[in-house]
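To start, the structure itself, in structure tokens.
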Amino acid sequence: MDKMESRNKRKNKLVNFLNISLIILLIVANIYFIKLNINIDKKRNLNINELNSQKNNFNTSETKTKELEKELTHLKNIDEEINEIKNEYFENLKAFEDKVSNKEVDYKIAYLTFDDGPYYLTHKYLEVLEKYNVRATFFTIGLDKESCYDNRSKSCKELYAKTAKYGHTMANHTYSHQIFYGLYSSTNSFINNVKKQEKLIKDRTGITTNIVRFPGGIASAGSLRNSIVKELKNLGYGWVDWTASNGDGGFVASKQDAMNNLKKTINEDIEVILFHDYSNITLSILPDVIEYLQNKNYVLLPLFYESKMINK
Ligand SMILES: [Zn+2]
């Protein structure tokens, strides 16, 4: 009996021990499991946070990409938009010019044109025109700073872009302007000079010009006149001489003379006035010229291809 009891006691002890061990094992396992879960949760949260942050980054990048794409499309279309605005502007000018021609309005039109630049004085011409909010036309030639008439100028090259930026019409007066040295030796020589100047203006301003003025006027082309005009037309160019001037291409003794010369030639409803932006005298009377014309009801405009004054 004792033996039985003793065996049972040992058996119970063993069972108890096993139970306790199991419980401890369960507790340890549970703690471990809980800890594992906590870690998994932490990791999951971290991952979720990271994913959210990446998603946000992605969303921001996506928005930025879309904005940039929009901007890029806008930039690609900007040339088109500018052309549309320009076309609309010139259509309005054309309509206005027609009204002036038909005397439907009290206004007249004067196209101020400046030849042979840019010159170091062109800066000052631009300032005066800007002060009066007047847009004009510049018939430029192929001057570089190295050959900008005198050494005082270091900036003739940049004057093309500056003139265009101010909204004036950039026009072509040939690259060389060498009336007596080969320009009019053949149609090819003239056309090559026009193309060379067209490229120079395009390179320096981004603008394609389609208005030409013959150096010395169309009469200087002599027997080549018809051939050159035909070729210009083929290339999409129009050309224009002038209807009025103050004589600043030659000798003018005084400001008074320059003003009187001009007044004598102003008598039409639409005038194309020839000046040279290398002339000190013209620069000094430019405010008076503008005020004189405006007082006579002239609206001062930049030339444009569709104008009736452009031969094409
Ligand atoms: Zn000239």
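The values are calculated or read from the model by the stated rules, or taken from the named source; none is laboratory data. Quantities reported herein were computed from a predicted structural model and do not represent experimental measurements. Virtual Cβ from ideal backbone geometry, glycine too; neighbours counted across all protein chains shown. Only protein heavy atoms, including side chains, enter the accessible area calculation; ligands, DNA and RNA are left aside. Shrake-Rupley method; radii C 1.70, N 1.55, O 1.52, S 1.80 Å.
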Measure out, as a whole number of angstrom, how far apart the alpha-carbon centroids of the range 263-292 and the range 117-132 sit. 14 Å
What accessible area per residue, rounded to a whole number of Å², is obtained for the range 24-95 using a probe radius of 1.4 Å? 93 Å²
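Under the rule of -39500 (n - 2.57) per DSSP H run of 4 or more residues, summed and divided by the residues of the chain, what mean residue ellipticity at 222 nm is obtained, to the nearest 500 deg cm²/dmol?
Working: 7 runs with 176 residues, N = 312.
Here the helix-only value at 222 nm equals -20000 deg cm²/dmol.
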With x for Gly and Pro, the residue-by-residue ³J(HN,Hα) of the range 238-251, computed from phi through the Karplus equation 6.51 cos²θ - 1.76 cosθ + 1.60 at θ = phi - 60° and given in whole Hz, is x, 9, 8, 8, 8, 10, 8, 7, 10, x, 6, x, x, 8
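Ignoring ligands, DNA and RNA, what percent of the 1.4 Å accessible area of the chain is carbon and sulfur? Could you put the intermediate results ahead of the total?
Details: 10150 of 19220 Å².
Whole-percent figure for carbon plus sulfur exposure: 53.
For the range 1-105, what is the charge dipole size about the Cα centre, in debye to the nearest 20, if Lys and Arg each add +1 at the Cβ and Asp and Glu each add -1 at the Cβ? Don't jump to the answer; show the numbers that get you there.
Details: 19 positive and 17 negative charges, 488 e Å.
Charge dipole of the range 1-105: 2340 debye, to the nearest 20.
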What shape does the range 106-263 have by the C-alpha gyration tensor, where a ≥ b ≥ c are the square roots of the eigenvalues, rounded means a/c under 1.5, and otherwise prolate means a/b greater than b/c and oblate the rest? rounded
Run the dipole for the chain about the Cα centre, Lys and Arg Cβ at +1, Asp and Glu Cβ at -1, nothing else charged, and hand back the magnitude in debye, nearest 20. 2760 debye
So what is the diffusion coefficient of the range 1-75 in µm² per second by Stokes-Einstein at 37 °C and 0.692 mPa s, using a Kirkwood Rh over Cα pairs? 182 µm²/s
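So with the 1.4 Å probe, I'd like the accessible area per residue for the range 106-300, rounded to whole Å². Walk me through the numbers before you get to the answer.
Working: 8910 Å² over 195 residues.
Per-residue value: 46 Å².
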³J(HN,Hα) computed for each position of the range 170-175 - Karplus, 6.51 cos²θ - 1.76 cosθ + 1.60, integer Hz, glycine/proline x: 8, 10, 9, 10, 6, 6
Just to make sure I understand: if all protein chains stay in place, what is the order of Met309, Met4, Met170 by accessible area at 1.4 Å, largest first? Met4, Met309, Met170
Do you know the relative contact order of the range 106-300, to the nearest whole percent, from alpha carbon pairs under 8 angstrom that are 6+ apart? 29 percent
Treating only the Cα positions of the chain as identical point scatterers, give the base-10 log of I(q)/I(0) from the Debye formula at each q in 0.09, 0.14 Å⁻¹. -0.59, -1.11
Contour minus Cα-Cα span, Asn8 to Lys296, at 0.36 nm per residue, comes to 90.2 nm
If you wrap a convex hull around the alpha carbons of the range 28-141, what volume per residue comes out, as a whole number of Å³? 239 Å³
